[in-house]
Structures are given as structure tokens and as C-alpha cells.
Amino acid sequence: MVGQFPGSFLPYGRQIIDDDDIATVAAVLRSDWLTTGPAVERFEADVCAFTGARHGVAVSNGTAALHATMFALDIGPGDEVIVSPMTFAATANCVLYQGGTPVFADVDPATLLLDPLSAEAAITPHTKAIIGVDYAGQPCDWDALRAIANRRGLALVADACHALGAEYKGRKVGTLADITVFSFHPVKHITTGEGGMCMTDNATLAEKMRHFRSHGITTTAGQREKAGGWFYEMTDLGYNYRITDIQCALGSSQLKKLPAWIKKRNALARAYDAAFAGTSIKPLVQRDDCLHAYHLYVVRTPERNAVFKRLRENGIGANVHYIPVHLHPYYREKLGMKEGMCPVAEKAYGEILTLPLWAGMDNQAIKRVCSVLLEAL
Ligand SMILES: *Cc1c(COP(=O)(O)O)cnc(C)c1O
């Protein structure tokens, strides 16, 4: 098969690109608009229709989407934003981009999702927002987080880069926070190569984020062409965080396959669960009021390092998600963070292991992973 990894290496995640995806992208390459064109608006509308969110602002990657979110919420120097440490560094970095201060609250030991009690305890008079991370693809306890945010007058942000297609109590991820962020990196559920999107029901926030992704200027090239004028003004310090039509066409094509891929990921996760029943390998707890999107399949084992080594020696791309963000040298050295600040996340970090999971895997591959893993114990 074209594009397979060398040998029989099994990555922890990867994209699926079919001929119809390629044809869709090729059509854009022959069209008039390569960026800021109709395929961008179509992809935004498609993700809105899928999630039920009113507005979607597509940007160049998930990190840019997080940055735009912090800008739209007016996060600045002196403001604190409560963040989960069990995430990719970008979730907290976006607060720093705006000059704000990330404050880490701890996670629930069963799910590694932001613990609402710990988040509430971290609130100070400077707190402006809470960012929950739908870790591994499972939604946070959004009802509890919403209640806290409303009671304390805070904005609520979902870093749902793991959770496109997930549902919480029958509601789609994308509508549960004031702003929800998705990433379309190739290891995520659907890909645009690089890409991200901010979802919101709030027209003012959406407008601010559109503005931010294109230099903070008042009109787009398309709008100026239609109006027949040349005038524009820069009113905010924005960036070039635009995404191309080439990428968005791929995104729309991929999105059609997402429901089947989520089903497949869940079926593969159940096959892993069955293989680990009665062993010392403990999958993270799945809440029964949610549809898990299974970006990652994560287990805990006290023998993580030995097992990890054995898997890698056998060509299996096991991984560890994540080093708690507050323990990265940058956070320790520049922000004075240290061990002991989030004991639940820190203990989990010593035991968690991500096993390969993507929609193109088959049961044979799951069996291969399980037999190496169970033998290593
Ligand atoms: C992937 C990811 C991001 C960043 O997305 P990019 O598109 O790679 O910039 C942010 N947060 C989480 C939780 C992610 O998994």
C-alpha cells in the first residue's frame, strides 16, 4: 500500500486519505481561489452543521485557534486562566501568548479530565476563564464546569482537539463551552494537513476571531473586491492565521467519513478493553453518559516504562500523552512551576501509555499490540 510506514511499524495514530479526498483537493487547485475563498466558508458551514454550533472560524492550526480564543475573550496581562495540565502544551501556551497567566488545576484520577472541584478551588479575583480539555476524546464534565463558570462569571473554553464527533449527554462537542477549539492535524480524527477551527454561538466572539486570523484588519480581499474599493484599516494586532481553500476542501471531504470513523475507533477500543479484562492493564474509565471520540486509547500500568520499551522494540508506536504541562522546563524555569502542584496528573504521568488507535487499523493489529503488551508483563 502506498504511504505505509517503513517495515511493519504501527504508529499510534495516522490519517486516512482516499481518492475522493484527492479529487476534491485537485478541483480547488484548478479554481480561482486558493485561500480565503468559498471552500473555507463551506468547511466552516460543514463543521457547524455537524456540531450544531452557530459559527465556525477556520484557522491555520489548532494552536492558532486557541490563540484566537484567548484574544476574543480579552485575556491579557494580569488575567488568570485555569487549565488542565494533562494536555499538549499549546492549551496553556495560548494564555501566555496574550500575556496572561495559566493556572493549573488537577484532573480526575479515573478519566484524567479536569476536576471541577480543583478548578473551582483555583479561582482567584484575577481568573477570567477555564479551559477544559476533552482528554483522549472524552468530554469533560461540562455541566459542572458550566455551573462554576456561570456562578463565578468566567468564560468557558473547550480544547476539543481530541474530541471532534464526541457527545456529552446527547449534545455534540462544539456547543458545550463559550468557544470550542478543534485541530485537524493528521493524527486527529479528520485532517486538513494543518488546520484548526473555533466554534461558538456568540456572533461577537466569532467576529473578533475572524478579524484576528487576518491581521486585525477590517475587510477581507473578497469583501473589498465585491465592494469595488481598496480601503481597509487595521484596528487590532492580528496575525496571518488563515487556512487555505486547498486544506478546507480536504476537511469537508474528510468530515463526511467522521461518523463511521468514530464508530470504528469505538469498536477497536472495545477490542482492547476485552483483551485487558482481568489483567493489570487498566484502561481509563469511560463515562456512560458520553460518546467517546477515542482520539487516544490510554491505559495505566505501573510497569509503563518496561512495557513501552518492549512495544517500541516490536515496531509498535506506543506513546505517552502527556508530560503534565507545568513540569516542562519552560514552565518550571520561567513561571516557577514545580512538582506537587497537580499530584493526580503527576502520578498518572508515571503510568499512562497510549496504544495505537486509528480508524484504518484492523483487529489483527489490535491482537499484535495486545500479545506483545501482555507478554511484556
Ligand atoms: C493537537 C492539539 C493541539 C494543537 O493543535 P495543532 O493543530 O497541532 O496546533 C492543542 N491541544 C490539544 C489537546 C491537542 O491535542
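May I ask what percent, to the nearest 5, of DSSP beta bridges between residues of the range 121-273 are antiparallel?
50
For the chain, modelled as a GNM with alpha-carbon contacts under 10 angstrom, which of Gly350, Gly251, Gly174 fluctuates the most?
Per the Cα network of the chain with a 10 Å cutoff, Gly350 tops the list.
Between Ile316 and residues 5 or more places away or on another chain, which pairs have amide H atoms under 5 Å apart, with H built 1.01 Å from N, and which residues are they?
HN-HN under 5 Å from Ile316: Leu10.
Where does each of 282-291, 176-185 land if you order them by average Cβ count within 10 Å, highest first?
So the peptides 282-291, 176-185, ranked by packing, come out 176-185, 282-291.
Using modelled amide H (1.01 Å from N, peptide plane; none on Pro or chain starts), what sits under 5 Å from the amide H of Ala293, excluding residues fewer than 5 places away?
Result for Ala293 returns Gln138.
Hydropathy at least -1.0 by Kyte-Doolittle, axial extent at least 30 angstrom from the Cα trace: which helices of the chain, defined as entire DSSP H runs, fit?
none
Would you please classify the overall shape of the range 258-376 from the alpha carbon gyration tensor, given that a ≥ b ≥ c denote the square roots of the eigenvalues, rounded means a/c under 1.5, and beyond that prolate means a/b larger than b/c while oblate covers the rest?
prolate
Would you mind checking which residues have amide H under 5 Å from Ser214's amide H? H placed 1.01 Å from N; only 5 or more apart, or other chain.
Tyr239, Tyr241
In whole Hz and in residue order, list the ³J(HN,Hα) couplings for the range 135-140 that follow from phi through the Karplus curve 6.51 cos²θ - 1.76 cosθ + 1.60, θ = phi - 60°; x for Gly and Pro.
4, 6, x, 9, x, 5
Looking at the chain as a GNM with Cα springs under 10 Å, which of Ala121, Ala275, Ala49 has the largest mean-square fluctuation?
Residue with maximal mean-square fluctuation among Ala121, Ala275, Ala49: Ala121.
As a test, work out the antiparallel percent of DSSP beta bridges whose residues both lie in the chain, rounded to the nearest 5.
Bridges in the chain that DSSP calls antiparallel: roughly 60 percent.
Helix-only mean residue ellipticity at 222 nm, the chain, DSSP H runs n ≥ 4 weighted -39,500 (n - 2.57), per residue, nearest 500. What is it?
My calculation for the chain gives -11500 deg cm²/dmol from helical runs alone.
Where in the chain lies the longest segment free of GluC sites (Glu not before Pro) that are both loop residues by DSSP (not H, G, I, E, B) and have at most 13 other Cβ atoms within 10 Å?
Here the longest segment lacking exposed loop sites spans 1-232.
In whole Å, what are the Cα extents of the chain along the three principal axes, biggest one first?
Principal extents (Cα only, largest first): 70, 54, 39 Å.
Any read-out appearing in this document is the output of simple, stated calculations on the displayed coordinates, not a laboratory observation. Since the structure is predicted, the reported quantities are computational estimates derived from the model, not experimental observations. We place every Cβ from the backbone using ideal geometry, glycine too, and count neighbours over all the protein chains shown.
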